[in-house]
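For reference, the structure is listed below as structure tokens.
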Amino acid sequence: MGRWLSQNHIRLYVWVGIIFTIIIIPYSLFLSNQFSKFAYSQMDLFHRDKIIHTASQTELILNKLKTYGLNMYEDPNIQGWLQMDRTDPLADMEALNTLTSFMSTESFIERAYLINLQTRQVFDSQKGIAAFDTFEDQAMLKRVQEQQSLFLQFFPHEVQGVAHLSLVVPSTPAKIYTHGYLVLLLNNQELQGHLLANNKELGTDIMVLDENGRNVLTGLESEVDAASGLFIHSASLSSQKWKVYSLSELKSFKNQAEAFQRRMVMYSILLLILLLAAALWNSRRTIMPFRSLAEQLQRKFNGAGENAKAPIRDEYSILKYGIEKLSSQVDEMNISLRDHHHLIKTEYMRQWVLQGRMNRTIRDEISDMTSLIHRERLRLVVMKIESYHHFVERYDIDSRRLLKYALCNIAEEVIRLEGGAVEAIDLASDNIVLLIGLDRTEDEMKTLLEAIKLHIRQYIRLNVSIAMSEPKHTDDDLRSVYDYVNDLTLLKFVSGSDRIYTENDYERYVQMIQPAAELKSIDKLLALVKAGNSEQVVQRLEELFSQLAAMKFSECKVQLTVLLFAVVKEFDKLSALQGLDGIDKLLAGFPTLQDLRRWLERELLDIINQLNNRQGLDRKEKLAEEMVAYIDYHIHDPMLSAEDVAKHVSLSAKYVRQIFMEMKSQPLSAYILELRINKVKELLVTSTMSVTDIGERSGFLTKSYFFTAFKKATGLTPNQYRQQHL
């Protein structure tokens, strides 16, 4: 027997190993291949998006430089120098200062020429004034004189072996003659470094080629070969008729993909070994008990003289015979499931309500458990436990179950005394569902439910809100009926009326409610509390809750949350709510809207008393801190003024200036300007934004005012400050 079991053990283990190998190895190769394809597609998509972004950034920079060149050309000092018909040292000095100022604020411009065709002079930003005959860049001079440049188009140009992108202003398609030109020579290394800043980390090279295939940033002829093992993507520059190419090596990706595939295979082999080891251990652990059981059964049957009845040849025959004997013994036993009857029925009834309709299986199972299933019509009643949050906090889970069980028993007893069929269903929430099969009018049903409510209040000290549906067919969707009737129980909170609610009540309620509108009196209410006007606070509360009573329950709850949140936010150190988390619990603790109103009235009056008791404190210091916080938050707004601060703290602008001067020893306007200057200093050192963008983000309304105020405060221009601190 031991040898037979060992042979079967080995045979089973070998077959399991073959199956695992056939499944795991090919599947791991398939997964790694699919992952490589997915990674390739994602990398291709990433580089495509990256080149589109780079092209957009390049287009933006070039258009910005064109605009900047036009602004330089239109400057009065530069125009004066370009249009003069004889030399003027004063005009030369003004042009030099203006040209230097413009170039100091734009790092991409390396050099600029002012070319006057009347005086035949060139103003070079690096070497000063030169006559046409002695000017070193004769190629550019010839290009300008012959008007070869396209309209506002950059073109590659070399000066003493250094490649530049150049722009001639003005350059017109009609070739209209002008007395002077402005030529900008860009720093290609600076421009290329800016474009490559985010691409070098990814191993990506950027090329900008013109229509002739020439790299406009280096001046070299370039070829883009898609078969050279590269990710190649391109995007067009519409304003220049150029293309931006990104070149990323594919070899590195292929090596990583192959390495990943090898790791996947190795991990799969390791997993296979672990599974085979686990299978070996588990097979011994599983088969040994069967072997022991077979030996015990063999001894039992042989000892009982049953060997002739059951020929025992192997383990399978022994176990089969033992199972057959056990089955015959189980069939002879009378196992009663009466103790589980109630639990099974309750679960089926819960599924009926939650799913909406009974399937054939549920109907067949409970057809003998309850007579309710044979009624043609039934009513669905929801009994909602009021102040359920307090109910949960007051009783532990076992006590809550006992109280709900008692509540269900009371309801069932009252209905059955009237000859009706009823099933009570606990949905493990704040409500109990009653399915009632009783042929009574609506008024008679209300009387019965009122009696149930009275008994519940009398015997188990609970208050419940009850709502009832119209008679429904057993094949109707009970889930939708339950949701509707459950909403009816919420009418008590809004109306405050303690009665049995029906579908007619909801229809009348819908006709009564008004369209949702924002509670516009909240701010006035808070202002009255701050002012300590108790009588008007009570009157304003009456108006607010009159509005709330005319809303749907869901809208009413939202508006109540807004109201209570406003109180918490405004009086966080005085309100008993102590934070937003307590609002939902608070709302769940009041059975009616009027109960909540009375509590809120007491709370607000208590807040007024506390505010009155604090009159001796230093109110001015708190107001000053509130002003500082408001200014810090709105400093980016160029329209920020003392009137805005005064409106925020509900005081006059004059009084606000007086308080700020007393508490901070500094005028309010001076503080705002100082805060903006500090913001500019921070952004100049910690960010790469342009000076203009920094001025706008710091709240300066105009560029001229920004430059004037910054230089007055620091003695430096923004660019000088940035260069000095970097």
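Sorting 725, 194 by the number of Cβ atoms found within 10 Å of their own Cβ, with the fewest placed first, yields 725, 194. Scoring 631-638, 183-190 by mean Cβ neighbours within 10 Å over their residues and listing the highest first yields 183-190, 631-638. When you restrict to C-alpha pairs under 8 Å that are six or more residues apart and normalise by the size of region 619-725, the relative contact order lands at 25 percent. With 25 Å as the limit, write out which pairs from 622/681; 66/703; 345/446; 37/243; 647/711 have Cα-Cα distances beyond it, or answer none. Distance filter (> 25 Å) returns 622/681; 345/446; 37/243; 647/711. Take 653-666, 103-116 and order them by the average number of nearby Cβ atoms within 10 Å per residue, most first; the result is 103-116, 653-666. Put in order of Cβ neighbour count within 10 Å, fewest first, the listed residues 102, 30, 706 become 30, 102, 706. Between residue 187 and 109, 110, the built amide H atoms are under 5 Å apart, and every one of these is 5 or more places off in sequence or on another chain.
Taking Cβ atoms as reference points and 11 Å as the exclusive limit, the residues near residue 130 contribute a net charge of -2, counting Lys and Arg as +1 and Asp and Glu as -1. For region 75-194, the relative contact order comes to 26 percent (Cα pairs under 8 Å, sequence separation of at least 6).
FYI, it's all coordinate maths here, none of it is from the lab. Nothing here was measured: the structure is a model prediction, and the numbers come from that model. Positions of Cβ are generated from backbone atoms using ideal geometry, with glycine treated the same way; all protein chains shown enter the neighbour counts.
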